[in-house]
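The values are calculated or read from the model by the stated rules, or taken from the named source; none is laboratory data. Computed from a predicted structure; not experimentally measured. Every residue, glycine among them, receives a Cβ derived from its backbone with ideal geometry; neighbour counts consider all protein chains shown. Just so you know, the surface numbers come from the protein's heavy atoms only, side chains and all, with ligands and any DNA or RNA stripped out. Shrake-Rupley method; radii C 1.70, N 1.55, O 1.52, S 1.80 Å.
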Amino acid sequence: MRKVRLVLTLTGVCAGLLVWQAWPQAQKPLPAAAQAGRDGGFAASLRGTLPDGAVKAAANGQLQVNQELRRLFDYYLATLGERELPAIRAELRGYLQRTLSAAALKQAMDLFDRYVAYRQSLAGMTVAAGSDLAQRLARAQAARLQYFSQAEVEGLFGDEDRYDAFTAKRLAILADPVLSAAEKQRRIALLEQQLPPALRAAREDPVKHLALAEAEAELRKRGGSEQELYALRAGMVGQAAADRLASLDREQAAWQQRVADFNRDAMAIRQNGQLSEPQRQQAISQLQAQRFSQQEALRLAAFLPAK
């Protein structure tokens, strides 16, 4: 299962207000630089990328409305300013029709048009001075119901709304002057337990890996063995992750040994008094080409001693 992408900024409200306030400018004639970007691709900013998100139809042929589909919409809409909206819509339609039936394609494009209208409405939304995060979220969620059914809102924004609601409640707890530090921690812990498992795991992962890094540093500081290191990792992030980390350790150790061997042999060439300076440089270049690929050579530069 694809891990849930946590939205650490309130994309449904704050980011929407920021991005889509630029909408009127996006409808103006394209600047020369953007026009030039049409050659060689749909938009210059998308060169070298693959569409983010995904589109699927259910067994009955109906479009699956989910956050993967919304990410796909956002991928194409990110080119506003380089391309005009009709061109973006046509490009998206061309991409979707390779996957969807005629009925599902019609659903997808209708949903896209309503999504664009919704995002335009966010650009015109005014936020009253002093309104808190929960109020702003409520206004955005109310606006969604003007454009989408409840089922579509859940599909497009469900996990984001749950995380945003969690964030609003968490900030309210932290700002409460009556609560002690211990009580704030207790209430936040209860809030976290109410998150869906996927959201809770995604929220905990960064903290877990920071804690692991600190624990590894402490273990190495006191001379812990490789077996102890593996047990520590397996206990904190699971056996599969511990196996991957052990493999990375071996790869890094092998790389460091290759670099050390190269530096040793390059130093011997530099100290060879029978060679002229150009001959030394040529010999070192040949040695590098023999032992490292062109891609590895780019990385190698960071490991060479300062001249």
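Taken as a whole, the structure places R162 among residues that are in contact (Cβ under 8 Å) with a residue 24 or more places away in the chain and touching a Pro at 6+ places or on another chain (Cβ under 8 Å). So is L195 over 30 Å from R70 (Cα atoms), surrounded by 13 or more Cβ atoms within 10 Å (Cβ to Cβ) and either touching a Lys or Arg at 6+ places or on another chain (Cβ under 8 Å) or among the small types (G, A, S) (or both) or not? Judged against the criteria, L195 is not a match. Name the residues in the range 207-242 that are under 22 Å from E192 (Cα atoms) and either part of a loop (DSSP other than H, G, I, E, B) or without any contact (Cβ under 8 Å) to a residue 24 or more places away in the chain (or both), would you? Matches in the range 207-242: V207, L210, G235, G238.
Of all residues in the range 213-224, those that are modelled with pLDDT of 85 or more and touching a helix residue (DSSP H, G or I) at 6+ places or on another chain (Cβ under 9 Å) total 4.
Just one of (1) open to solvent by 40 Å² or more (accessible area, probe 1.4 Å); (2) among the basic types (K, R); (3) touching a Leu at 6+ places or on another chain (Cβ under 9 Å) fails for R233. It is (1).
Being touching a residue at least 24 places away in the same chain (Cβ under 8 Å) and exposed (fewer than 13 other Cβ atoms within 10 Å of the Cβ) is the requirement here; does P305 meet it? So P305 fits the description; yes. Do you know which residues across the range 143-182 are at pLDDT 90 or above and of a type in the set (F, W, Y)? Across the range 143-182, the qualifying residues are Y147, F148. Can you find even one residue in the range 23-34 that is touching a helix residue (DSSP H, G or I) at 6+ places or on another chain (Cβ under 6 Å), part of a loop (DSSP other than H, G, I, E, B) and either over 27 Å from D161 (Cα atoms) or at pLDDT below 50 (or both)? No, the conditions are met nowhere in the range 23-34.
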